[in-house]
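Notes follow once the structure below has been shown.
The values are calculated or read from the model by the stated rules, or taken from the named source; none is laboratory data. All figures in this text were calculated on a predicted structure; none of them were measured in a lab. Cβ: placed from backbone, ideal geometry, glycine included. Neighbour counts: every protein chain shown.
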Amino acid sequence: MGDVIDRDGFRANVGIVLMQDEGRVFVGRRSGGRGWQFPQGGVRSGESAEQALFRELTEEIGLTGKDVAIVGQTSHWLRYRLPARFVRDSTPRCVGQKQRWFLLRLKHAAAQFRFDLTGEPEFDRWRWVDYWQPIREVIYFKRTVYTRALHELGRLAFPDGLPPYPSWWHPPGGADADAGGGLTGAGADGAA
C-alpha cells in the first residue's frame, strides 16, 4: 500500500500527542540525533486515519491500543509545506503534509517504549516534556502545525484552561493566535 498524496501534493499523515496523567507529553529524538518530535507517519492507501494512528504508534514507539486511550483529534487536517530542499522529485510530487492529530492518554505509567520494531527506527531516545516544549524543539517548518494542534487538543486535555505559556514563547495577538511566528530561541534542525 502506498502513501496517499492529494491533488495539491500534500501527503496524508497522522500526528500523535501522547500524554501522561501529569500533562507532560512524549517526544522522541529522531534516529541519529536529528531533532525531537512527536510520533507521526503517513496514511496508506485504503487505511483510515485511526488505523494509521495505531500502526504508527506500534511501529515508532512500540505501543498498542491497549496502552492508550484516544482523548480526541483535530477537527480537520492541518497542513505544512516542506522547504524546497526537502521536496523530492517523485510522482506524485509531495510538497508537504496534511495531518490529522490525535491526543492519546497513556493508560499506565509502566508502558514499555520500543524503537526496534522496524528496520529503520524513527527514534533512538525519548523523554516526557512540558506541554508546549515540543513547539520549540521540532524542526522550524513544523512549528505552526504543532502550535495549532496543541492549541486545539489542549482544550480537550485541559478543560479548565491551557497550561501557561513558557517564557520563551509569546504568541502574537493573544492565546488563540496562529503563533508560529511568536517563537524566540533556537529549535532543533532535524530532517523532515
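Of everything listed in (1) more than 26 Å from residue 108 (Cβ to Cβ); (2) in contact with a helix residue (DSSP H, G or I) (Cβ under 7 Å, 6 or more places away or on another chain), the single unmet condition for residue 38 is (1). When 32, 41, 28 are checked against the criterion of being within 11 Å of residue 14 (Cα to Cα) and either modelled with pLDDT under 95 or assigned to a strand (DSSP E or B) (or both), 41 stands alone in meeting it.
Could you check, for the stretch 81-98, whether at least one of its residues is at pLDDT 95 or above and under 13 Å from residue 11 (Cα atoms)? Yes, there is a match, as at least one residue in the stretch 81-98 is at pLDDT 95 or above and under 13 Å from residue 11 (Cα atoms). Every test in (1) within 17 Å of residue 121 (Cβ to Cβ); (2) loosely packed, with under 15 Cβ neighbours inside 10 Å; (3) polar (S, T, N, Q) is passed by residue 48 save one, and that test is (1). Residues in the stretch 71-127 that are hydroxyl-bearing (Ser, Thr, Tyr) and over 22 Å from residue 50 (Cβ atoms): 2 in all.
Scanning the stretch 67-111 for residues that are in a loop (DSSP other than H, G, I, E, B), of a type in the set (Val, Ile, Thr) and in contact with a helix residue (DSSP H, G or I) (Cβ under 8 Å, 6 or more places away or on another chain) returns a single hit, 74.
Of all residues in the stretch 129-143, those satisfying the criterion of being in contact (Cβ under 8 Å) with a residue 60 or more places away in the chain, surrounded by fewer than 22 Cβ atoms within 10 Å (Cβ to Cβ) and part of a helix (DSSP H, G or I) are 133, 137, 141.
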